[in-house]
Amino acid sequence: MSKVLVTGGSGYIGSHTAVDLIQNGHEVVTIDNHHNSYTAPIDYIEQITGQKLKHYKLDLCDLNATKVVFEEHNDIKGIIHFAALKAVGESTERPLLYFENNMKSLLNVMHCAQEFGVKNFIFSSSCTVYGQATDLPVTENTEMKEAESPYGRTKQLGEYMLKDLAQFSKFQVISLRYFNPAGAHNSGLLGEAPKQIALNLVPVITETAAGKRKECVVFGNDYDTRDGSCVRDYIHVEDLASAHTCAVDYLLEEKNADSYEVFNLGIGDGVTVLEAIKAFEEVSGIQLNYRIGPRRSGDVIAIYSNYERAKKYLGWKPKFGIKEIMQSAWHWENNRPF
Ligand code: UD1
């Protein structure tokens, strides 16, 4: 059993990953400032796993407060760093907030990792680092283009900082580039629950169907894609969580060939916005109230992954597709405990 620190542990992906780590024999310590997440997931992680969790409510931008966690847990073997602001639109309105928060918190965690001798580090990155990719599917060798937003820039900068740290110190780093995480936990106790208004497609669809929103607007149907709407690679959050456990084990078992490695995490299949809506309608039996609207500025036209690297080296592959994503998201929408 190894102790793993999960920052952003009560967030959407962090909470699912905490469950997966515990269910695979790891001990988990979580940190969250609850800026965009409730405290309830901590209780539900404990309920699902039947294990008590050591959780700290603190802001990673506070170095001294962060150090206390490392002082109290001098046996942490790995860190998974999820904590960050992640609203693309907000980042274009308040770039400094994104630079300050996302970079400072990452630096502080890196600082503590170095000071307390924790050498295994997993970074929550994103396919947004590829920018407007031209060759699809994207592999880890696809070049990074200009970031489309300050949020995307913080992911690129984070990757570069960690890559340098891994090259010039004893750090072992993996950057996991997520495509579009969606869906909810099979227990029905965890799912996407942002404190701010949901902007991502899947919650917009389920909230519309549940009557919490008037309509779902499809951002453009005049793109050069098979039905004119944007293409994304939607990955079930439980698949994403299990990839983190694989990545932690990979580093702990010293299977990595390089001190800095990158893995795409998607299902390797592109789904258009209109196809996603259709999949929802099929599994829910509900006709969604949607209309075609104008393009959303900054949207990438089409992006989906090649995840062969994760399959080959991490021994990971996704189990779920868009229908299971919609099914679990719809169940979550109707039975949310918080
Ligand atoms: C983007 C980033 C992703 C990041 C995420 C954080 C890219 C390629 N992806 O995801 O890395 O983690 O933001 O939030 O940059 N859509 C509608 N109507 C809606 C909402 C969305 O039509 O009401 C469409 C969008 O135009 C897009 C697709 O649905 O084509 C998915 O959008 P969304 O869920 O917001 O995620 P991304 O923007 O792809």
Item to complete: Mind pulling the angle between the C-alpha long axis of helix 40-49 and the longest principal axis of the chain? Nearest 10 degrees, somewhere in 0 to 90.
Response: 80
Worksheet item: So what is the calculated 222 nm ellipticity per residue for the chain, using -39500 (n - 2.57) for each DSSP H run with n of 4 or more, over all residues, to the nearest 500 deg cm²/dmol?
Response: -11000 deg cm²/dmol
Worksheet item: Which FRET efficiency, nearest 0.05, do Gln23 and Asp224 yield, Cβ-Cβ r, R0 35 Å?
Response: 0.20
Worksheet item: GluC sites (Glu not before Pro), restricted to segment 137-177: which are DSSP loop and have at most 14 other Cβ atoms within 10 Å?
Response: Glu143, Glu146
Item to complete: Report, in whole Å, the centroid distance computed from the Cα atoms of segment 312-332 and segment 239-257.
Response: 18
Discussion item. Calculate the FRET efficiency for His35 and Lys145 from the Cβ-Cβ distance with a Förster distance of 41 Å, rounded to the nearest 0.05.
Written reply: 0.90
Worksheet item: Excluding ligands, DNA and RNA, what is the solvent-accessible area per residue of the chain at a probe of 1.4 Å, expressed in Å²?
Response: 44
Discussion item. Quick check: at a probe of 1.4 Å, how many percent of the accessible area of segment 1-117 sits on carbon and sulfur atoms?
Written reply: 48
Practice prompt. May I ask you to derive the relative contact order of segment 1-144, considering only C-alpha pairs under 8 Å and at least 6 residues apart, and to give it as an integer percent?
Written response: 24
Worksheet item: Hey, got a sec? Which GluC sites (Glu not before Pro) in segment 246-286 land in a DSSP loop and have at most 13 other Cβ atoms within 10 Å?
Response: Glu253, Glu254
Worksheet item: So what's the projected area for the chain, the Cα convex hull averaged over all directions, in nm²?
Response: 15.5
Discussion item. Report for the chain the percent antiparallel among DSSP-assigned beta bridges with both residues inside it, nearest 5.
Written reply: 5
Worksheet item: Taking 0.36 nm per intervening residue step and subtracting the Cα-Cα distance, what contour gain separates Gln196 from Glu115 on full extension?
Response: 25.7 nm
Worksheet entry | At R0 = 30 Å, FRET efficiency that the Cβ-Cβ distance of Ala65 and Met1 yields, to 0.05 | 0.70
Item to complete: Grab the Cα-Cα distance for Lys317 and Met161, subtract it from 0.36 nm times how many residues apart they are, and report the gain in nm with one decimal.
Response: 53.4 nm
Item to complete: Work out, step by step, the length gained on full extension between Asn334 and Ala210: first 0.36 nm times the residue separation, then minus their alpha carbon distance; give nm to one decimal.
Response: 43.9 nm
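The values are calculated or read from the model by the stated rules, or taken from the named source; none is laboratory data. These figures come from a predicted structure and were not determined experimentally. Note that we place each Cβ from the backbone using ideal geometry, even for glycine, and neighbour counts take in every protein chain shown. Note: accessible area is taken over every heavy atom of the protein model, side chains too, but ligands, DNA and RNA are not part of it. Shrake-Rupley method; radii C 1.70, N 1.55, O 1.52, S 1.80 Å.
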